[in-house]
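The values are calculated or read from the model by the stated rules, or taken from the named source; none is laboratory data. What you see is a predicted model; the values in this text were computed from it and never measured. Please note: Cβ atoms are built from the backbone with ideal geometry, for glycine as well, and neighbour counts cover all protein chains shown. In case anyone asks, the SASA skips ligands and DNA or RNA and just uses the protein heavy atoms, side chains included. Shrake-Rupley method; radii C 1.70, N 1.55, O 1.52, S 1.80 Å.
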Amino acid sequence: MVAVKQVFVAGGMPDITYVDRQHLSLEASLRNELREGYKIVAITGPTKSGKTVLCKKVISAQTSIWIDGGQITDSNQFWSTIIGELKLPSETTENTNSGHNASFKAIFGFQAQISSGMSLKFEGQSKKSILSAMRALGYTLIVDDFHYLSDTVQIDVVRSLKSEIFLGLSVVFIAVPHRVFDAITAEPEMEGRYAHISIPAWNLDDLMQIPKVGFPRLNMNVHPETLRGTSKNCPELAAAV
């Protein structure tokens, strides 16, 4: 038996009641921008408009690193969070005898077997190395609620990302409309290096798809006029998509 919370997933990732809104071409637009690459993809829209759900639907969790902007207080925490998500060690070594650094691909898989050498920390000076490793492995960096980052952190992030974006690193920022572009456009070299996908607020016809699909899965027969009235008066249904 299907549970209500499996059908109407308020605040989570829906499956049964996911509405793709094909008339807006949101999934196709995101896929196309990521396929074209070499840019920051900025996804904006009102709260509960489906920004995060869109990204989770299109971008595989196995090939993406998610950063929650609301949990980040400074730049150090931003980069240490990436390291944690990648499950990189906070410190490793490089073989000074051979003169070759341990490959970051090897570090990702914990395959680097180095018995001697100097310490190498994944901190400020190694941001480029971390991002290069992500790019080499085909990871997409997604910063959700980018607008919650302080102005200082936003600028640091964009400045640190730009060289790797030029080389092909996939990056997505999710934000409310009025806050995402200040940090991007503050870097002159990022001009023309970002794409904007704007998600509008839900309309009634799209909202109607949620109860139309959901109630039958719960073996409930609800009159169409009741569905329409519920959708019209309860826009919070958008939280379920």
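Checking TYR139, TYR148 one by one, the residue that is modelled with pLDDT of 90 or more, farther than 21 Å from THR63 by Cα and aromatic (Phe, Trp, Tyr) is TYR148 and no other. Count of the range 141-174 residues, restricted to those that are touching a helix residue (DSSP H, G or I) at 6+ places or on another chain (Cβ under 6 Å) and among the polar types (S, T, N, Q), is 3.
Across the range 28-41, the number of residues qualifying as open to solvent by less than 60 Å² (accessible area, probe 1.4 Å), over 17 Å from PHE146 (Cα atoms) and part of a loop (DSSP other than H, G, I, E, B) comes to 1. Scanning the range 55-72 for residues that are touching a residue at least 12 places away in the same chain (Cβ under 8 Å), farther than 25 Å from ARG21 by Cβ and of a type outside the set (A, V, I, L, M) gives a single hit, GLY70. Give me the residue from the range 42-57 that is outside any helix (DSSP H, G or I) and open to solvent by less than 50 Å² (accessible area, probe 1.4 Å) and, out of that set, farthest from VAL172 (Cα to Cα). Restricting to residues being outside any helix (DSSP H, G or I) and open to solvent by less than 50 Å² (accessible area, probe 1.4 Å), the top hit is SER49. Within the range 58-78, the residues that satisfy the criterion of being out of contact with any Leu (no Cβ under 8 Å at 6 or more places or on another chain) and surrounded by 17 or more Cβ atoms within 10 Å (Cβ to Cβ) are TRP66, SER75.
Scanning the range 8-41 for residues that are of a type in the set (Asp, Glu) and within 19 Å of ALA175 (Cα to Cα) yields a total of 2. For the range 197-217, the tally of residues that are of a type in the set (D, E, K, R) and under 24 Å from ARG31 (Cα atoms) stands at 1.
So that you can scan it fast, the table gives a plain yes or no per residue for (1) open to solvent by 30 Å² or more (accessible area, probe 1.4 Å); (2) at pLDDT 90 or above:
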{"residue": "ASP144", "(1), (2)": "no, yes"}
{"residue": "VAL158", "(1), (2)": "no, yes"}
{"residue": "ILE184", "(1), (2)": "no, yes"}
{"residue": "GLY192", "(1), (2)": "yes, no"}
{"residue": "HIS196", "(1), (2)": "yes, yes"}
{"residue": "TRP202", "(1), (2)": "yes, yes"}
{"residue": "VAL213", "(1), (2)": "yes, yes"}
{"residue": "CYS234", "(1), (2)": "yes, no"}
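Within the range 1-27, which residues are open to solvent by less than 50 Å² (accessible area, probe 1.4 Å) and either among the aliphatic types (A, V, I, L, M) or free of Cβ contacts under 8 Å to residues at least 40 places away in the same chain (or both)? Correct list: VAL2, ALA3, VAL7, VAL9, GLY12, ILE16, VAL19, LEU26, GLU27.
GLU164 satisfies every condition listed in (1) over 15 Å from the mean Cα position of the chain (by Cα); (2) open to solvent by 10 Å² or more (accessible area, probe 1.4 Å); (3) touching a residue at least 24 places away in the same chain (Cβ under 8 Å) except (2). Filtered by the rule that a residue be over 23 Å from PHE181 (Cα atoms), touching a residue at least 40 places away in the same chain (Cβ under 8 Å) and part of a helix (DSSP H, G or I), the range 134-147 gives a lone residue, MET134.
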